[in-house]
Amino acid sequence: MDFQFTEEQKRLRDEVRSFLKKEVTPGVVKETESRLGLGPHSWEFMRKAGARGWLCPTWPKQYGGLEASNIDRLIIWDEMAYCEAMEVWAGVRMAGPTILLFGTEEQKSEYLSPIARGEVDYAAGFTEPDAGSDVAAIRLRAVEDGDDYVLNGQKLFNTGCHFAQYHWLGARTDPDAPRHRGLSLFIVDMKSPGITLRPVWTFGGWRTNEVFYDNVRVPKKNMVGEKNRGFYYIAISLDFDRAATTGRMQRNFEQLVEYARERQQDGRTPGKDPLVRSRLTELAIEVEILRCLIYRHAWLRDRGVVPNYEASMIKVFSSELGQRLSRCGTEMLGLYGQLQEGSKWAPLNGRIEHECRSSTHVSIFGGTSEVMRNVIATRGLGLPAAG
Ligand SMILES: Cc1cc2nc3c(=O)[nH]c(=O)nc-3n(C[C@H](O)[C@H](O)[C@H](O)COP(=O)(O)OP(=O)(O)OC[C@H]3O[C@@H](n4cnc5c(N)ncnc54)[C@H](O)[C@@H]3O)c2cc1C
């Protein structure tokens, strides 16, 4: 593994930076920060980035990509995350790569280019009231009827459904098969009659959703991959999704360091406090470790591997690092650190306070830390199942 960017990659990074300087408007940042999903500014930004092939740079050119490497992809995505232009893109990160692997030619032609052009997004549709970590427990039922499947049931915490055009949906197609052999994966148009949403608000201020399917007809051609193999496609989708970026973490960290260095708090510069210095240096090391994990993941993908336990390592380390970082920030900022965005007394405009609340979500969605540790233990270390 080469730890240096090539001259070409440095040029790409500079090109992306100057694009972002112009295109990441305060409106884009506000929408990303709000965690309410893609709004008009974000859609506009996505289309502009998509027009350059920067949303899905590794994809074939015929589907809107650049046939670039995963390291190049990471350079682009990391710069976007650093500028707060990128958060929830299940189409780009999860559905698209899975369609590329398992979709029919017709599905690839119909669904990939709009994702790469930044025209549509997908919402992950796995969790139900009784199926979270245990994806094989999905109950939402899909029954064949002519050229369609008819879907009935309920999903929970399906975050992108209020702004995405498609639901990336796991449903039960064979109730008599062993649990993980009776699921299939569907692309569902969110405008299909019979779908209703009810918002669920998290204490981090995010909107996620309950989604109800009442006799929703989905064409058979919208099934991705083989019938009843959905469990495996969902697992691969999640592996794709778990590979994070470092940009946002890096930015939060830099803001804390700058605060510790430049500001005065209760008549003192926080950066002179031995405890603050020690915590920040630990975080500096951890941010660097995260970067190495993420670039190794991209490097593996360039060698044709779909990383599995490596993706879980990133998920668990990155989500828990976010929590350590925001906890360190809140302690460093003292009582002021509890003030929310909008208060004139809130340091860093309440950013760390917000991170403190919302970072708790990150170790839950996309696979909890406990489940990630199970994956690392069994698939990475070869340990027997817990018992
Ligand atoms: C903000 C937010 C956004 C989300 N967005 C989406 C989305 O867009 N799409 C979607 O499909 N889902 C989404 N989810 C759901 C998320 O993926 C699930 O909440 C998560 O998988 C955990 O499932 P659960 O809530 O049912 O908890 P459970 O699976 O019931 O787990 C409860 C506890 O038991 C632990 N546990 C469970 N199984 C094991 C095990 N085998 N070994 C050790 N410990 C275990 C868990 O770690 C957890 O601490 C979101 C969740 C949140 C909070």
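The values are calculated or read from the model by the stated rules, or taken from the named source; none is laboratory data. Everything quoted here is computed from the prediction, not taken from an experiment. All Cβ positions, even for glycine, are placed from backbone atoms using ideal geometry, and neighbour counts span all protein chains on display. Side chains are part of the model used for accessible areas, which takes the heavy atoms of the whole protein and leaves out ligands, DNA and RNA. Shrake-Rupley method; radii C 1.70, N 1.55, O 1.52, S 1.80 Å.
If you wrap a convex hull around the alpha carbons of the stretch 171-220, what volume per residue comes out, as a whole number of Å³? Could the numbers behind the result be given before it?
Numbers: hull volume 6.0 nm³, N = 50.
Output value, Cα hull per residue: 120 Å³.
Residues of the stretch 120-210: accessible area per residue at 1.4 Å, in Å²? Mind showing how you got there, number by number?
Details: 3820 Å² over 91 residues.
Here the residues of the stretch 120-210 average 42 Å² of exposed surface.
Please report the projected area of the stretch 170-329's Cα convex hull averaged over all directions, in nm². All intermediate terms of the calculation are to be shown ahead of the outcome.
Numbers: hull surface 54.3 nm².
Dividing the Cα hull surface by four gives the mean projection, 13.6 nm².
Taking a cut-off of 23 Å, what percent of all Cα-Cα pairs in the stretch 286-383 are separated by more than that?
On the way: 1821 of 4753 pairs.
Of all Cα-Cα distances in the stretch 286-383, 38 percent exceed 23 Å.
Mind checking which of ALA311, ALA68, ALA177 has the largest fluctuation in a GNM of the chain, springs on alpha carbons under 10 Å?
In this elastic network of the chain, the residue with the biggest mean-square fluctuation among ALA311, ALA68, ALA177 is ALA177.
Among TRP345, TRP89, TRP54, which one moves the most in a GNM of the chain with springs linking Cα atoms closer than 10 Å?
With Cα springs under 10 Å in the chain, the top fluctuation among TRP345, TRP89, TRP54 is at TRP345.
Please give me the summed charge of the neighbours of GLY329: other residues whose Cβ is under 10 Å from its Cβ, Lys and Arg +1, Asp and Glu -1.
Working: positive: ARG279, ARG324, ARG327, ARG351; negative: GLU331, GLU353, GLU355.
Here the charged neighbours net out to +1.
Roughly how many Å² is the accessible area per residue of the stretch 302-381, as a whole number, for a 1.4 Å probe?
Working: 3830 Å² over 80 residues.
That works out to 48 Å² for each residue.
So what's the angle, to the nearest 10 degrees on a 0 to 90 scale, between helix 40-51 and the longest Cα principal axis of the chain?
80 degrees
Along the three principal axes, how long is the chain when you take its alpha carbons, biggest first, rounded to the nearest angstrom?
Each principal axis gives a Cα extent; for the chain these are 74, 46, 45 Å.
For q = 0.11, 0.20, 0.22, 0.25 Å⁻¹, what log10 I(q)/I(0) does the stretch 1-95 give under the Debye formula with an equal point scatterer on each alpha carbon and no solvent?
-0.31, -1.00, -1.17, -1.41
If you plug each phi of the stretch 189-198 into the Karplus form 6.51 cos²θ - 1.76 cosθ + 1.60 with θ = phi - 60°, what whole-Hz ³J(HN,Hα) values come out, in order, with x for Gly and Pro?
Couplings: 5, 5, 8, 4, x, x, 9, 10, 10, 10 Hz.
Once you compute Rg and the Kirkwood Rh from C-alpha atoms, what is the Rg to Rh ratio for the stretch 53-96? Spell out each step's value before the answer.
On the way: Rg = 10.1 Å, Rh = 10.6 Å.
Computed over Cα atoms, the ratio is 0.96.
Tell me the carbon and sulfur percent of the accessible area for the stretch 271-387, rounded to whole percent, probe radius 1.4 Å. Could the numbers behind the result be given before it?
On the way: 3610 of 6100 Å².
Here it works out to 59 percent.
Charges at C-beta only: +1 for Lys and Arg, -1 for Asp and Glu. How large is the resulting dipole of the stretch 86-145 about its Cα centre, in Debye rounded to 20? Don't skip to the answer; put the middle values down first.
Values: 5 positive and 11 negative charges, 39 e Å.
So the magnitude is around 180 debye.
Out of the total accessible area of the stretch 69-191 (probe 1.4 Å, heavy atoms of protein only), what percent is carbon and sulfur? Before the final figure, lay out each step's value.
Values: 2080 of 4280 Å².
Solvent-exposed carbon and sulfur of the stretch 69-191 make up 49 percent of the total.
Once you sort the root eigenvalues of the Cα gyration tensor of the stretch 105-170 as a ≥ b ≥ c, which label holds: rounded (a/c under 1.5), prolate (a/b larger than b/c) or oblate (the other case)? Intermediate results must be reported in sequence, preceding the final value.
Values: a/c = 2.36, a/b = 1.34, b/c = 1.76.
Verdict is oblate for the stretch 105-170.
Cut-off 10 angstrom, C-alpha nodes, Gaussian network model of the chain. Which of VAL224, VAL29, VAL316 fluctuates the most?
Comparing VAL224, VAL29, VAL316 in a Gaussian network model of the chain, the most mobile one is VAL29.
What would the Debye formula give as log10 I(q)/I(0) at q = 0.17, 0.18 Å⁻¹ for the alpha-carbon point model of the stretch 41-142, no solvent?
Here the Debye-derived log intensity ratios amount to -0.80, -0.87.
To the nearest 500 deg cm²/dmol, what mean residue ellipticity at 222 nm is calculated for the chain from DSSP H runs of n ≥ 4 alone, each contributing -39,500 (n - 2.57), summed and divided by the residues? Display every interim value, and only then the final one.
On the way: 12 runs with 164 residues, N = 387.
Using -39500 (n - 2.57) per qualifying helix, the result is -13500 deg cm²/dmol.
Could you give the longest part of the chain that holds none of the trypsin sites (Lys or Arg not before Pro) found in DSSP loops with at most 12 neighbouring Cβ atoms within 10 Å?
That gives 1-190 as the longest site-free run.
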